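Data block below; observations after.
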Amino acid sequence: MSVEIMDKYYSTRGKWTPMQKIAATNLQPGMVLARNIFSIDGVLLLSAGTLLTTPQIDRLRQFNLTSVYIKNPFTDSIDYSEIIETIPEIVREETRVQAVQIVHSAFENFAANRKLDTQPFKETADFIIDEVIKNRGAMIHLTDIRARDGYTFGHSVNVCVLATFTGMQLGYNLLQLKELSLGALLHDTGKMLIPNEILNKPGPLTANERKIMEQHAEFGFDILRHQSEIPLVSAHIAFQHHEKFDGTGYARSLGGANIHEYARIVAIADVYDAITSDRPYKEGTLPHEAYELMLSLSNTHFDPRILKIFLDQIAVYPLDSIVKINTGEIALVVKVTPGLQTRPTVKILFDARGCRLQDGPEVDLAKHLTVFIDKIFSPVQVLELEMLQPKQAD
Ligand SMILES: [Fe+2]
């Protein structure tokens with residue numbers, strides 16, 4: 001790799017900021033933002049590092065944000081950022097915001113004049129591929145955050161990122177990545193033809209509404225296959241992304257190898273993003289729960305071979321998580337290794353008696369097999385833990 005490419009590679013990796021995702025309803029004055037917050041049209045609302053005040057929290061709620069990232073208070077008092085091993089995110093926040101913005105306006109244009117301009121999607125897929133290739137050492141850490149109204153667009157971009165990343169793990173060449181990435185970005189195009197009251201219904205759908213909703217797969221295929229610049233196989237991703245490995249999905253009840261491999265990948269990315277995203281009516285599933293849930297659908301919903309490759313890249317206990325281990329100690333996750341994500345390295349923060357340690361030992365769970373993680377603290381529980389007056393151990 002040339003120096004110039006190396007520079008470009010490292011500059012895209014970004015510095016890891018210890019952070020916790022928190023539901024917007026749980027925000028409190030005095031918390032510090034860990035990430036920039038953008039509106040759906042890409043305008044910066046508040047920058048990382050902002051100490052939140054009540055008016056700012058009200059403003060964020062007005063923008064319908066479901067969740068935001070705040071700094072982990074444990075890493076504020078002591079600089080753990082030095083010891084937390086940096087693994088890049090798959091794509092930078094700026095890339096994601098830019099992609100969501102482009103996809104949003106391209107879909108709006110389509111809704112207004114029923115003509116799909118494919119160029120913005122092709123360009124977006126290309127720059128996502130470019131960045132995923134540069135960040136090939138990345139892991140799936142966190143899902144992004146998005147405004148309620150922007151769910152579909154944020155979801156399309158996330159599914160594209162996750163699918164492209166999985167395609168790269170499968171050793172796809174550039175042409176294959178382009179076909180996959182474009183189809184993933186456009187997988188829900190058919191939803192543009194589904195009535196809004198069904199699409200945005202907060203509660204469960206009736207049997208009839210579900211039938212209408214399920215038509216989005218075929219609608220998407222119909223729109224995309226008439227676009228000469230879209231490869232037919234990418235249109236088939238839209239058609240097949242709700243098929244299940246055991247043949248019980250829709251639109252055509254295909255199973256196993258009859259489902260195109262690209263669609264088998266997108267099915268995994270689609271469900272993972274859907275269950276881990278915060279929605280207006282429910283908070284997203286935590287990564288370790290999502291991991292178990294996805295695993296339980298191996299062979300029935302998902303192709304087990306591709307699912308394993310995907311799951312191996314998820315940081316089940318993301319860096320900076322606070323966990324309780326079976327010794328009764330409370331610890332911070334400081335290192336995660338792909339393939340060994342259920343056995344991270346942790347640094348002890350509180351001993352078994354609840355005494356705060358200023359410089360506790362590190363324990364590599366991959367080497368200490370009798371030690372395991374009992375529970376992961378939610379961001380709110382972490383704040384409660386921090387509010388307990390820290391006692392110093394002798
Ligand atoms: Fe879909």
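The values are calculated or read from the model by the stated rules, or taken from the named source; none is laboratory data. These numbers were taken from a predicted model, which means no experiment stands behind them. Virtual Cβ from ideal backbone geometry, glycine too; neighbours counted across all protein chains shown. Just so you know, the surface numbers come from the protein's heavy atoms only, side chains and all, with ligands and any DNA or RNA stripped out. Shrake-Rupley method; radii C 1.70, N 1.55, O 1.52, S 1.80 Å.
How about segment 207-227: which of its residues are in contact (Cβ under 8 Å) with a residue 60 or more places away in the chain and either more than 27 Å from Asp130 (Cβ to Cβ) or more than 14 Å from the ligand (Cβ to nearest atom) (or both)? Correct list: Gln227 only.
All told, Lys308 meets the bar of being under 19 Å from the mean Cα position of the chain (by Cα), open to solvent by 40 Å² or more (accessible area, probe 1.4 Å) and charged (D, E, K, R). Of all residues in segment 344-359, those that are closer than 23 Å to Asp312 by Cβ and open to solvent by 50 Å² or more (accessible area, probe 1.4 Å) total 0. No other residue among Asp130, Asp188 is among the acidic types (Asp, Glu), modelled with pLDDT of 90 or more and surrounded by fewer than 18 Cβ atoms within 10 Å (Cβ to Cβ) apart from Asp130. Has segment 229-251 got any residue that is within 12 Å of the ligand (Cβ to nearest atom), modelled with pLDDT of 95 or more and of a type in the set (Val, Ile, Thr)? For segment 229-251, residues within 12 Å of the ligand (Cβ to nearest atom), modelled with pLDDT of 95 or more and of a type in the set (Val, Ile, Thr): present.
Quick grid of which residues meet (1) touching a strand residue (DSSP E or B) at 6+ places or on another chain (Cβ under 9 Å); (2) part of a helix (DSSP H, G or I):
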| residue | (1), (2) |
| --- | --- |
| Phe239 | no, yes |
| Ile265 | no, yes |
| Tyr272 | yes, yes |
| Thr285 | no, no |
| Glu292 | no, yes |
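Listed by first and then second residue, the pairs linking a residue in segment 166-193 that is more than 20 Å from Asp312 (Cα to Cα) to a residue that is within 12 Å of the ligand (Cβ to nearest atom) and aromatic (Phe, Trp, Tyr), with Cβ atoms under 7 Å apart and 6 or more places separating them unless they lie on different chains, are Gly190/Phe219; Leu193/Phe219.
In the set Ile330, Ile306, only one residue is in contact with a helix residue (DSSP H, G or I) (Cβ under 9 Å, 6 or more places away or on another chain), modelled with pLDDT of 90 or more and not assigned by TED's automatic domain parsing to the domain that holds Tyr272; that residue is Ile330. Let me spell it out: the conditions are (1) open to solvent by 70 Å² or more (accessible area, probe 1.4 Å); (2) within 13 Å of the ligand (Cβ to nearest atom); (3) assigned to a loop (DSSP other than H, G, I, E, B), and Pro204 meets all of them except one. Which number is the exception? Result: Pro204 passes all but (2).
Hey, among Gly183, Gly150, Gly220, which residue is open to solvent by less than 10 Å² (accessible area, probe 1.4 Å), modelled with pLDDT under 90, under 25 Å from Pro120 (Cα atoms) and touching a His at 6+ places or on another chain (Cβ under 8 Å)?
Details: Gly183 fails: modelled with pLDDT under 90; Gly220 fails: modelled with pLDDT under 90.
On inspection, the qualifying residue turns out to be Gly150.
Within segment 182-197, the residues that satisfy the criterion of being part of a helix (DSSP H, G or I) and away from the ligand (no atom under 13 Å from the Cβ) are Leu182, Asn196, Glu197.
Within segment 224-233, does at least one residue satisfy the condition of being within 17 Å of Ala274 (Cα to Cα), open to solvent by less than 30 Å² (accessible area, probe 1.4 Å), among the β-branched types (Val, Ile, Thr) and touching a Phe, Trp or Tyr at 6+ places or on another chain (Cβ under 9 Å)?
First pass over segment 224-233, keeping only residues within 17 Å of Ala274 (Cα to Cα): none.
No, every residue in segment 224-233 fails to be within 17 Å of Ala274 (Cα to Cα), open to solvent by less than 30 Å² (accessible area, probe 1.4 Å), among the β-branched types (Val, Ile, Thr) and touching a Phe, Trp or Tyr at 6+ places or on another chain (Cβ under 9 Å).
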